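Student: The following block contains the structure, expressed as structure tokens.
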Amino acid sequence: MNQDEIIQKIKSGGQTELGLVYEEYREEFLRWLVKEFNCSLDDGKDIYQLTILIFHDNIRLGKLEHLVSSVKTYLFGIGKNIVKENLRKEKRFIPISKEKWLKENLIDEPTNKIDDAVFERAKNALSKLGQPCQRLIELFYYEKKSIPEITLAMNYKNPETAKNQKCKCMARLRKLFDEETEQNTFAINHESL
Amino acid sequence: MNHSEADITLVEKYFDAELNDAELKNFTMRMESDENFKSLVEQEKVLIAAIRYEGAVSSLKYLEDLESKLQKETPLSLSSGSRKLYYYAAAAVVGITIAAAVFMNTLKDNPEELFQAYFTPYPNMFEAATRSNESVESKRTDAFRAYERGDYQEAASLFKDLLKDNNEAGMLLLLGNSNLILGNIKEAKENFIALNKDFDELDMQAKWYLSLCYLKSGETEKARAILKELGDTEISYATKARELLEKVN
């Protein structure tokens, strides 16, 4: 499989395809990282997982469509940058909090960080949404699947039904978010009494 | 807060990239003049961010589970020292030597494979891609951050723009790297030639990457000339350059 085929496979696939890439370069990446930066194997694994997620993110968002270098070179380049950023901040290698790292590097915009409290309320609302809504909007907004792809993946009658369902799910999510905000406001007011 | 159905549809279409020109104009105007509408847009942005975040966390969990499974099936140990390992290693060296000899012969005729074997993007050593609230700095931060995240298309576009007003060696080196990765070999060559010509710093890096550009475009004679020059020095690239020169010959 050439480099562009790997990219295409990840773009059209899901977690299974991502897992195949993970396995393919895992050993070589970890050996290189541990030797090059003298970090522990566990820290190396954390960095490798984040590297694979960035690779995945760039493909899904259409930022990476063709590679002139190999996938391996690309992954090593990203891994090196994660380590350097870590070392620059702390002057020594410290374990990465992966979930915090994901928010700061994949979600927040450089000049517009999402307020942690507001983000927490959005996550709470999402956790209350339930299935199949959660899966549907994740396919659309995270995996960047098209409506026809979602129609097939989730067995909807036709694309119009899938699109309507997506709009209904988002309306429900907005309502849940409003409720979270109201509860939060009530709690703050209650505490200040 | 209550919002009209029309506003919700407009916002949904914006985030789904479905707005036509007239709708986009309306959207931009509303964002500038209507705080209630702006708050709806901000809320939608946060909700989509939460969906993306949970998706990323779910993928992370999948990789963590996979890693646990792999560690059980094929434990990866980076420590050495056992006698058994020594014999395995000795056997591996023989195997690798034979494989390497075959590989080197292939490489001698194939600049593309040599390029693949030797090219690694230069890391961002120049700027912390930290967040800033200063709008003047934001494009600069965006550029370095895009480079670090491997979004070379975005990085190249931003670096190119930034270099128009502020010619910096580090940015030029990373622009050249971005172009090289994207396959814009002609632009990459121009970047490295300019870096070598216009600055007193990073000239060895510029020459190394220029030699890789020539290798990529099949101009092996030009690549050899630069590699020979680098190999004759005592800088950090010298060993790599001598090794690569041997293979290009």
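Student: Going by the structure shown, is A:ASN81 surrounded by fewer than 22 Cβ atoms within 10 Å (Cβ to Cβ) and not aliphatic (A, V, I, L, M)?
Tutor: It is false that A:ASN81 is surrounded by fewer than 22 Cβ atoms within 10 Å (Cβ to Cβ) and not aliphatic (A, V, I, L, M).
Student: Residue by residue through segment B:191-249, note down the ones that are over 18 Å from A:SER69 (Cβ atoms), buried (at least 20 other Cβ atoms within 10 Å of the Cβ), small (Gly, Ala, Ser) and within 22 Å of the chain's Cα centre (by Cα).
Tutor: B:ALA206
Student: All but one of (1) within 14 Å of another protein chain (Cβ to nearest Cβ); (2) modelled with pLDDT under 90 hold for B:ASP109; which doesn't?
Tutor: (1)
Student: Exactly one condition in (1) at the interface with another protein chain (Cβ under 9 Å from one of its Cβ atoms); (2) crowded, with 16+ Cβ neighbours inside 10 Å; (3) out of contact with any Lys or Arg (no Cβ under 6 Å at 6 or more places or on another chain); (4) modelled with pLDDT of 85 or more is false for A:ILE47; which is it?
Tutor: The single condition A:ILE47 does not satisfy is (1).
Conditions tested, residue by residue: (1) within 30 Å of A:ILE54 (Cβ to Cβ); (2) at pLDDT below 90.
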| position | (1), (2) |
| --- | --- |
| B:PHE15 | yes, no |
| B:ALA22 | no, no |
| B:LEU47 | yes, no |
| B:ALA56 | yes, no |
| B:LEU60 | yes, no |
| B:GLU64 | yes, no |
| B:SER77 | yes, yes |
| B:LYS84 | no, yes |
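Student: Quick test of your reading of the structure: B:ARG131 fulfils all but one of (1) closer than 15 Å to B:PHE159 by Cβ; (2) modelled with pLDDT under 55. Name the failing condition by number.
Tutor: (1)
Student: Restricting the search to segment A:135-163, which residues are surrounded by 17 or more Cβ atoms within 10 Å (Cβ to Cβ) and free of Cβ contacts under 8 Å to residues at least 12 places away in the same chain?
Tutor: Scanning segment A:135-163 gives A:GLU138, A:TYR141, A:LYS145, A:THR151, A:TYR156.
Student: Here's something else I'd like to know. I'm checking my understanding of the structure. Among residues of segment B:195-246 that are farther than 16 Å from B:ILE185 by Cβ and among the hydroxyl-bearing types (Ser, Thr, Tyr), which one is modelled with the highest pLDDT?
Tutor: Within segment B:195-246, the match that is modelled with the highest pLDDT is B:THR239.
Student: Those residues that are assigned to a loop (DSSP other than H, G, I, E, B) and without any contact (Cβ under 8 Å) to a residue 40 or more places away in the chain, I need them from segment A:100-134; list them, please.
Tutor: Hits for segment A:100-134 are A:ASP108, A:PRO110, A:THR111, A:LYS113, A:ILE114, A:ASP115, A:GLY130, A:GLN131, A:PRO132.
Student: Among the residues that make up segment B:186-193, is at least one of them closer than 17 Å to A:LYS84 by Cα and in contact with a helix residue (DSSP H, G or I) (Cβ under 7 Å, 6 or more places away or on another chain)?
Tutor: No; the residues of segment B:186-193 include none that is closer than 17 Å to A:LYS84 by Cα and in contact with a helix residue (DSSP H, G or I) (Cβ under 7 Å, 6 or more places away or on another chain).
Student: Still on this structure, I have one more. Out of (1) exposed (fewer than 14 other Cβ atoms within 10 Å of the Cβ); (2) more than 7 Å from every other protein chain (Cβ to nearest Cβ), what's the single condition that is false for A:HIS66?
Tutor: If we test A:HIS66 against (1) exposed (fewer than 14 other Cβ atoms within 10 Å of the Cβ); (2) more than 7 Å from every other protein chain (Cβ to nearest Cβ), just (2) comes out false.
The values are calculated or read from the model by the stated rules, or taken from the named source; none is laboratory data. Owing to the predicted nature of the structure, the values given are computational and were not obtained by experimental measurement. Heads up, the Cβs are rebuilt from the backbone with ideal geometry, glycines too, and the neighbour counts pull from every protein chain shown.
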